[in-house]
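Single-structure report; data block below.
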Amino acid sequence: MLIKRIEELEILLMQQENSTESLSSTLHRQQLEIERLSKLVAAMSERFKAMQSSELKAEQDEVPPPHY
């Protein structure tokens, strides 16, 4: 009876270890993806700022369309 209970506990421990490893692996992949996406957002933000400053004129500098 005691041996069977110990075996059950060992099985539960192995399952717990497998779950922990799986979660750790998933967390690591997610962290890498978050870092990649953060870099992408930063790069896009810089491009947006560059486009905004170079292509857009101040409102008072805008020439009204010919139909006005």
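What follows is calculated from the coordinates using simple rules that are stated; it is not laboratory data. Being a predicted model, the structure only gives us computed values, none of them experimental. Heads up, the Cβs are rebuilt from the backbone with ideal geometry, glycines too, and the neighbour counts pull from every protein chain shown.
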Matching label for the computed Rg and Dmax of the Cα atoms in Å, out of (1) 29.1, 94; (2) 12.5, 37; (3) 15.7, 58, is (1)
Quick calc: nm separation of the 7 Å Cα→Cβ label points for Asp61 and Glu21 -> 6.2
So, with points 7 Å from each Cα along the Cβ direction, the Ile6-Ala42 label distance in nm works out to 5.4
Tilt, helix 2-55 to longest principal axis of the chain (alpha-carbon atoms), in degrees rounded to tens, equals 10
